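The values are calculated or read from the model by the stated rules, or taken from the named source; none is laboratory data. From a predicted model like this one, the values you see are computed outputs, not experimental measurements. Here Cβ is always computed from backbone atoms with ideal geometry, including for glycine, and neighbour counts include all displayed protein chains.
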Amino acid sequence: MKKRYLIAATLMVLPAVSAIAANPNPAFKLRHQNFEAMGKAMKGIFDEFKKPAVNMATIKANSAILSQAAKKVSGHFPKGTGPEAGVKTEALPAIWEKPVEFKAATDRLVTATAGLQAAAALGDMAKIQAAAGAVGGSCKGCHESFRKPKA
Ligand code: HEC
């Protein structure tokens with residue numbers, strides 16, 4: 001009985017998975033591109049901190065990229081784009097199970113990146129470094145709860 005149920009379940013699941021894999025939701029690509037852009041912008045900023053003379057234009061440009069990208073994150077996780085979609089993803093089911101906490105994590109990123117952009121506009125290095133640290137904390141905070149840990 002149990003075995004028959006398993007076979008039936010497998011038959012039901014398989015075509016659905018291959019259909020999605022053949023036609024993946026554009027949300028996957030969009031969010032990967034957006035996160036990659038954020039990762040690159042963060043690196044661009046932290047690389048400047050290591051230089052004897054920082055390039056403020058680079059910091060400003062990357063801060064603008066970050067604050068724009070941050071606003072998109074909440075829209076990049078429509079229902080059905082979790083691991084159940086059968087597509088390679090590090091998104092944890094917690095994103096959809098704990099929507100209030102996930103929204104708080106995206107809001108934190110939006111606020112932190114806006115703060116960084118404001119500090120960059122002032123050109124104040126102490127403020128920029130503190131704000132960049134807060135942005136990094138918001139990335140880490142969300143990854144710890146909502147992104148699959150690296151094996
Ligand atoms: C609100 C939650 C959240 C915040 C905030 C967040 N991330 Fe992520 N990040 C994720 C999730 C979830 C994934 C996995 C996405 C997937 O695999 O589908 C991810 C993946 C990534 C990846 C791997 C590329 C990818 O798409 O798999 C990079 C790089 C990344 N994030 C960088 C950052 C940086 C840099 C920040 C801060 C500036 C940040 N993230 C903030 C949730 C977040």
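Under the condition of being of a type outside the set (Ser, Thr, Tyr), in a helix (DSSP H, G or I) and at pLDDT 95 or above, the residues counted in the stretch 80-125 number 26.
Among the residues of the stretch 131-141, those that are within 12 Å of Ile45 (Cα to Cα) and either more than 12 Å from the ligand (Cβ to nearest atom) or among the small types (Gly, Ala, Ser) (or both) comprise Ala131, Ala132, Gly133, Gly136. Of all residues in the stretch 46-79, those being out of contact with any Asp or Glu (no Cβ under 7 Å at 6 or more places or on another chain) and not in a helix (DSSP H, G or I) number 7. If I filter the stretch 135-150 down to residues being touching a residue at least 12 places away in the same chain (Cβ under 8 Å) and not in a helix (DSSP H, G or I), which single residue comes out as surrounded by the fewest Cβ atoms within 10 Å (Cβ to Cβ)? Only one residue fits best here, namely Lys148. Given the structure, is Ala41 within 11 Å of the ligand (Cβ to nearest atom), in a helix (DSSP H, G or I) and crowded, with 18+ Cβ neighbours inside 10 Å? Taking the combined requirement at face value, the residue satisfies it. Looking only at the stretch 79-134, residues that are touching a helix residue (DSSP H, G or I) at 6+ places or on another chain (Cβ under 6 Å) and exposed (fewer than 13 other Cβ atoms within 10 Å of the Cβ) come to 1 in all.
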